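Chemist: Below is the structure I would like to discuss, written out as structure tokens.
The values are calculated or read from the model by the stated rules, or taken from the named source; none is laboratory data. As the structure is a prediction and not an experimental result, all values here were calculated from the model. For neighbour counting, all protein chains shown are included, and Cβ atoms are generated from backbone atoms with ideal geometry for every residue, glycine included. Note: accessible area is taken over every heavy atom of the protein model, side chains too, but ligands, DNA and RNA are not part of it. Shrake-Rupley method; radii C 1.70, N 1.55, O 1.52, S 1.80 Å.
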There are 2 protein chains.
Amino acid sequence: MQDLYPSRQDKPEEFISRPDPVVFGEGQPTGEHSLTPDQVDFYDKNGFIVLEGLLSDRVEALAQEVSRIGRENPDALEVFTEPDSQQLRSIFDLPKFSPMIADLSRDPRFLDVATQLLGGDVYLHQSRVNIKPAHSGRSFPWHSDFETWHVEDGLPRCRTLTGWVMLTENTAYNGPLFVIPGSQRTYVSCEGLTPDENYRQSLRRQEYGSPSLSAIEALAKESGIVGVYGKPGTVVFHEGNIMHGSPDNISPWPRTNLFFVYNSVENAPVKPYGAAKKRPTFLANPDTTPLKRNDA
Amino acid sequence: MQDLYPSRQDKPEEFISRPDPVVFGEGQPTGEHSLTPDQVDFYDKNGFIVLEGLLSDRVEALAQEVSRIGRENPDALEVFTEPDSQQLRSIFDLPKFSPMIADLSRDPRFLDVATQLLGGDVYLHQSRVNIKPAHSGRSFPWHSDFETWHVEDGLPRCRTLTGWVMLTENTAYNGPLFVIPGSQRTYVSCEGLTPDENYRQSLRRQEYGSPSLSAIEALAKESGIVGVYGKPGTVVFHEGNIMHGSPDNISPWPRTNLFFVYNSVENAPVKPYGAAKKRPTFLANPDTTPLKRNDA
């Protein structure tokens, strides 16, 4: 298949104007929790949207469930702890461990938006919870998620987004997500090549697929940087190619977020475009069965 | 002399309620640029105050002057560059290199406030410019400046403040100063002992005199954390004991600030309270001659 988003092909960095739309199927509503036309326009223009407190009713149960999964599965491949302690850092493939979280991934408050923006049925390409610990949580450099999902997982087109919920408050002080509004329209073809089993390193700190300082400067020149803040239960949707990063967390408060990556079923993964073999299934789900609303 | 602010005495961390006032001499105005009574009250309560754009007329000349000093004195003891490049990081004892900056330290916009809040004549204990570079500027852990000035430089009482000017915009995104309002009232007596020539390490990353996570949590519980943001030319005064830190700078914009540390002439340094010998004079000025307004 033709590579519309070449990256890490051992060539100089370049900007590629995105050949795919940001909103597919003209953003027709697919359910009562779909976005309003104004919200769709905002997402189309900026590449993200924040829905304050949308899932505040679920925060307490979800936080307990995340702790339970970590406690009961300390040795699972999907569970990552801090190098120097048993403190939980990330858990991947959450539906495998939790009917409650599997159910949440099909909640209309997520699914009515994902199907609306991606123009039809979707499945879960990846899910994870990230805990950026108080006082010492490390920064994450600028990157496009889609760049990795294309190069390392073989998603052909940019028809994918992340819907996520804040389980603790996200403030300017605890290592929040910074996004560059509008950057979803520009694909940065990165330098270098992908090492074998890059994910073992990149889950700790991404080195490949991270653009140069001058690329970030050029992207941010137009509309600057925006911090994504909110109370627990706030839901955010961000487009697969939006450029984002996060500073370290020096505050006394952890930052915990739960992410669902939705991909169009019409965008099923093929052979990776820049890696010898695919990443493990807990990072890149091969099962593209459409998700049904949990009240269907 | 009795040690009213013991720290790094190889004892457990403890909170000491500050025996000194925050505002000395009841904050009587000392010149036409002194703060208003409301501003003095704000500073007394919060430990800092932000004066938006107060020196915006001086930013361009100062930025050029800082570049000139770095360029003309690459090997000076007071000039620090990045470990892996010749990029300027810090310059100390600026008046030594620059009549323009010596003059600025006596500008009534600084001096009328410093003499007002410290209740009389002041001198410059330290001056510096810090450049937190774009993309990779490192975080600085929570600390009280006064704790170091007391333990390592021998300032007996907490009768000192920093007045500083932003030479680039300080935003939530480029590693700004975070302060804990009200924390200036509590002195954190830190664990450990001070190694010899600690400053060689602590200018890069402070390890001694940095409180525990639980201490920061307790201090921030009441009034949280506030980020100090402003356009170039914004002037900030912060009290010597306010707890502060800063995250890393992942943005494409450097953060450059120029600091003057004013100490009361009645608070001249004595033998350090927790170090074998004093730090070099470029970090701790022994000349306590009162500063006169540059228009006097």
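Chemist: How many residues, within the stretch A:148-158, are farther than 22 Å from A:Q201 by Cα and surrounded by fewer than 24 Cβ atoms within 10 Å (Cβ to Cβ)?
Modeler: 2
Chemist: Let me spell it out: the conditions are (1) surrounded by fewer than 21 Cβ atoms within 10 Å (Cβ to Cβ); (2) under 19 Å from the mean Cα position of the chain (by Cα); (3) part of a loop (DSSP other than H, G, I, E, B), and B:N294 meets all of them except one. Which number is the exception?
Modeler: All conditions pass for B:N294, except number (2).
Chemist: Scan the stretch B:139-147 and tell me whether some residue there is open to solvent by 20 Å² or more (accessible area, probe 1.4 Å) and outside any strand (DSSP E or B).
Modeler: The answer is no, given that none of the residues of the stretch B:139-147 is open to solvent by 20 Å² or more (accessible area, probe 1.4 Å) and outside any strand (DSSP E or B).
Chemist: While we're on this one: Restricting the stretch A:200-222 to residues that are assigned to a helix (DSSP H, G or I) and at pLDDT below 80, which is farthest from A:M243 (Cα to Cα)?
Modeler: Here the residue is A:R200.
Chemist: Could you list, in sequence order, the residues of the stretch B:68-85 that are within 21 Å of the chain's Cα centre (by Cα) and open to solvent by 30 Å² or more (accessible area, probe 1.4 Å)?
Modeler: B:L77, B:F80, B:T81
Chemist: All but one of (1) away from every other protein chain (no Cβ under 14 Å); (2) open to solvent by 20 Å² or more (accessible area, probe 1.4 Å); (3) closer than 27 Å to A:V50 by Cα hold for A:Q116; which doesn't?
Modeler: (2)
Chemist: Report every pair of residues separated by at least 6 positions or lying on different chains whose Cβ atoms are under 9 Å apart, first residue within the stretch B:4-32 and among the basic types (K, R), second open to solvent by 70 Å² or more (accessible area, probe 1.4 Å) and in a loop (DSSP other than H, G, I, E, B).
Modeler: Close Cβ pairs (under 9 Å, with a partner that is open to solvent by 70 Å² or more (accessible area, probe 1.4 Å) and in a loop (DSSP other than H, G, I, E, B)) amount to B:R8/B:E191; B:R8/B:L193; B:R8/B:Y208; B:K11/B:E191.
Chemist: If you check every pair at least six apart or on different chains, which have Cβ atoms under 9 Å apart with a residue in the stretch A:181-210 that is within 26 Å of A:N46 (Cβ to Cβ) and of a type in the set (K, R) first and a residue that is part of a loop (DSSP other than H, G, I, E, B) and at pLDDT 85 or above second?
Modeler: Qualifying pairs under 9 Å: A:R185/A:R18; A:R185/A:V22; A:R185/A:G47; A:R185/A:N241.
Chemist: Something else now. A:P252 versus (1) within 14 Å of chain B (Cβ to nearest Cβ); (2) open to solvent by 30 Å² or more (accessible area, probe 1.4 Å): which is the lone unmet condition?
Modeler: (2)
Chemist: Continuing with the same structure: Conditions first: (1) over 15 Å from the mean Cα position of the chain (by Cα); (2) more than 14 Å from every other protein chain (Cβ to nearest Cβ); (3) open to solvent by less than 20 Å² (accessible area, probe 1.4 Å); (4) closer than 29 Å to B:N249 by Cβ. B:P108 passes all but one, so which condition is the exception?
Modeler: (4)
Chemist: May I pose another question? Could you say which residue among A:L4, A:L54 is over 20 Å from the mean Cα position of the chain (by Cα), open to solvent by 30 Å² or more (accessible area, probe 1.4 Å) and among the hydrophobic types (A, V, I, L, M, F, W, C)?
Modeler: A:L4
Chemist: If you don't mind, another one. On the basis of being at pLDDT 95 or above, under 30 Å from B:S67 (Cβ atoms) and among the β-branched types (V, I, T), does B:V226 make the cut?
Modeler: no
Chemist: Within the set of pairs 6 or more residues apart or between chains, which connect a residue that is of a type in the set (D, E) inside the stretch B:239-255 to a residue that is assigned to a loop (DSSP other than H, G, I, E, B) and open to solvent by 10 Å² or more (accessible area, probe 1.4 Å) with Cβ atoms less than 8 Å apart?
Modeler: These pairs meet every condition: B:D248/A:S139; B:D248/A:D248; B:D248/B:S136; B:D248/B:R138; B:D248/B:S139.
Chemist: Please go through the stretch B:251-291 and give me each residue that is farther than 19 Å from B:K231 by Cα and among the aliphatic types (A, V, I, L, M), ordered by number.
Modeler: B:V261, B:V265, B:A268, B:V270, B:A275, B:A276, B:L283, B:A284, B:L291
Chemist: A further question follows. Going by the conditions given, is B:T289 open to solvent by less than 50 Å² (accessible area, probe 1.4 Å) and modelled with pLDDT of 95 or more?
Modeler: Spelling it out, it is not the case that B:T289 is open to solvent by less than 50 Å² (accessible area, probe 1.4 Å) and modelled with pLDDT of 95 or more.
Chemist: Sticking with this one: Being in a strand (DSSP E or B), more than 14 Å from chain A (Cβ to nearest Cβ) and more than 27 Å from B:E65 (Cα to Cα), is that true of even one residue in the stretch B:259-271?
Modeler: yes
Chemist: Checking the condition within 10 Å of chain B (Cβ to nearest Cβ), on the phi < 0 side of the Ramachandran plot and open to solvent by 10 Å² or more (accessible area, probe 1.4 Å), which residue from A:S210, A:S214, A:S223, A:S202 passes?
Modeler: Sole residue among the options that is within 10 Å of chain B (Cβ to nearest Cβ), on the phi < 0 side of the Ramachandran plot and open to solvent by 10 Å² or more (accessible area, probe 1.4 Å): A:S214.
Chemist: Within the group A:Y229, A:Y262, A:Y187, A:Y273, which residue is under 18 Å from the mean Cα position of the chain (by Cα), aromatic (F, W, Y) and closer than 15 Å to A:V151 by Cα?
Modeler: A:Y187
Chemist: While we're here: Condition first: among the aliphatic types (A, V, I, L, M), outside any strand (DSSP E or B), open to solvent by 10 Å² or more (accessible area, probe 1.4 Å) and within 14 Å of chain B (Cβ to nearest Cβ). Can you find one or more residues in the stretch A:226-243 that meet it?
Modeler: no
Chemist: Inside the stretch B:164-199, can you point out the residues that are acidic (D, E) and at pLDDT 95 or above?
Modeler: Once the filter is applied, which keeps residues that are acidic (D, E) and at pLDDT 95 or above, the stretch B:164-199 yields only B:E169.
Chemist: Now for a separate question. Considering each residue of the stretch A:14-44, count those that are assigned to a helix (DSSP H, G or I) and open to solvent by 60 Å² or more (accessible area, probe 1.4 Å), and give that number.
Modeler: Going through the stretch A:14-44 one residue at a time, the tally reaches 5.
Chemist: When you look at A:V40, is it under 28 Å from A:G224 (Cβ atoms) and not small (G, A, S), yes or no?
Modeler: Against the criterion (under 28 Å from A:G224 (Cβ atoms) and not small (G, A, S)), A:V40 qualifies.
Chemist: Can I ask one more? Check whether at least one residue in the stretch A:160-182 is of a type in the set (S, T, N, Q), surrounded by 19 or more Cβ atoms within 10 Å (Cβ to Cβ), away from chain B (no Cβ under 14 Å) and part of a helix (DSSP H, G or I), and report yes or no.
Modeler: Looking for residues that are of a type in the set (S, T, N, Q), surrounded by 19 or more Cβ atoms within 10 Å (Cβ to Cβ), away from chain B (no Cβ under 14 Å) and part of a helix (DSSP H, G or I), one finds none in the stretch A:160-182, hence no.
Chemist: Every residue in the stretch A:86-105 that is open to solvent by less than 40 Å² (accessible area, probe 1.4 Å) and assigned to a strand (DSSP E or B), please.
Modeler: Selection gives A:L88, A:S90, A:I91, A:F92.
Chemist: Then there is this: Kindly list the number of the only condition in (1) more than 10 Å from chain B (Cβ to nearest Cβ); (2) part of a strand (DSSP E or B) that fails for A:T289.
Modeler: Condition (2) is where A:T289 drops out.
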